[in-house]
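Where a number appears in this text, it was derived from the coordinates with a stated rule and is not lab data. Owing to the predicted nature of the structure, the values given are computational and were not obtained by experimental measurement. In this analysis, Cβ positions are derived from the backbone assuming ideal geometry, glycine residues included, and neighbour counts consider all displayed protein chains.
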Amino acid sequence: MPDRGYRSFARLILLSLPFLAASEARAFGFEDVDARAKELAAAPFSRAGSALPRELQGISYDQYRDIRFRRNRFLWNRAKLPFEVAFFHPGWLYDQPVKISEIVNDAVREIKFDPESFEYGSNKIDPAKLRDLGFAGFRVHYSLNTPRFKDEVLVFLGASYLRALGKSQLYGLSARGLAIDTAAGEDGLIGRQRQRQLLQQTAALLQRSMTVMSEGEELAAEELRAAALSLGRLLGRVDVEDILDAIFRDFCIGK
């Protein structure tokens, strides 16, 4: 596989870190990142305030996953490299956008956030109000199992969300890792209504996966993953993101 693709990918990961000020844009290596990480680790943590515009504050998980990066805007899509990169939109739990850059000819080139690179689905959002936001993270696609299709193989999202795949592997279902007052306030009617809604949602997502198959396998795969998540909720299995959503919604952290 072309060595150029691996070098580009490694440099992109490095530059996802808030490493260089704009006035100091220059190429760098792993030793620079290591030194910067030690410097940050030794300093007190300082959390910036939310930078999200009003349109993105308080959106749900389902609303967030309805925001998708356009397939024809993937980084390196036309360069015929082994890897392609898509980006995550800020919103939901991810209210701290980061600047992402790549090294081109030993110079740092910032990858500018462009709302036109995203589809907003059923969300009532005016893209014109979302200029210069920055990204929440990125995911890497690679022809892991077949040359006909680039799988999602690596994801960096937010401060601590990372997942990766090897050849012939699948993302596993997450069992319930935290259960607090799971039955509080739920009678049989509410439970049955919720189950019916989840079944309807799963069926709709499966139907949509068949509809978008002609537009590309990756779009269908996204719908199938969402259907699996919806079914997991029905069966009592939840995703890590659901747990985090419940924690941040229902409990005071750090008080």
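Descriptive notes on the structure:
- Taking the square roots of 5 times each eigenvalue of the Cα gyration tensor of region 101-156, largest first, gives ellipsoid semi-axes of 25, 20, 9 Å.
- Estimated inter-spin distance, E110 and N145, nm [label 7 Å along Cα→Cβ]: 3.9 nm
- Note: relative contact order over region 70-149, using C-alpha pairs below 8 Å and six or more positions apart, is 39 percent.
- Label-point separation in nm, Q169 to A204, each point 7 Å along Cα→Cβ: 3.4 nm
- Computed over the alpha-carbon atoms, region 28-147 gives an Rg to Rh ratio of 1.00, Rh here being the Kirkwood radius from the mean inverse distance.
- Across region 67-110, the relative contact order, built from alpha-carbon pairs under 8 Å that are at least six residues apart, equals 26 percent.
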